[in-house]
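Comments concern the structure below.
We did not get these values from a lab; they are worked out from the coordinates using the rules stated. Quick caveat: nothing in here was measured; it's all calculated off a predicted structure. Don't worry about glycine lacking a Cβ; one is built from the backbone with ideal geometry, like all the others, and counts go over all protein chains shown.
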Amino acid sequence: MLEDIKNKILEAIPDAVVSVDGGGGHFTIEVTSAQFEGKRTLQRQRMVYKAIWDLMAGDNAPLHAVDSLVCKTP
């Protein structure tokens, strides 16, 4: 699951450095990307959530919660 989350983010934000940790449906994610330059925190987080949305959809979604999401520029 960790690799699935990471790969989804990298598909949407190819230059990103992505760190994913956790399990049991709860994960912490850290993404560093130049694409975040000039964007506010909420805009950065929306980019990441959009990338992983299909993993969060439905009653049996493998990704239940993102406990911590850090999005920063290099």
Legend entry - Cα long-axis angle, helix 2-12 against the chain (0 to 90 degrees, to the nearest 10): 40 degrees
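Let me have the relative contact order for the chain, percent, based on Cα pairs under 8 Å that are six or more residues apart.
37 percent
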Inset, instruction - Enumerate the residues in the range 34-51 having an amide nitrogen under 15 Å from the point lying 7 Å beyond the Cα of Thr73 toward its Cβ. - result: 34-45
Inset, instruction - Read through the labelled values (1) 49, 37, 20; (2) 37, 25, 15; (3) 36, 20, 19 and report the label of the one computed as Cα extents along the principal axes in Å from the structure. - result: (3)
Inset, instruction - Can you tell me the 0 to 90 degree angle between the C-alpha axis of helix 41-56 and the longest principal axis of the chain, rounded to 10? - result: 30 degrees
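What length, rounded to one decimal in nm, is gained on full extension from Arg40 through to Leu10, with 0.36 nm per residue of separation minus their alpha-carbon distance?
8.8 nm
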Inset, instruction - Report, for the chain, the % of DSSP beta bridges that are antiparallel, rounded to 5. - result: 50 percent
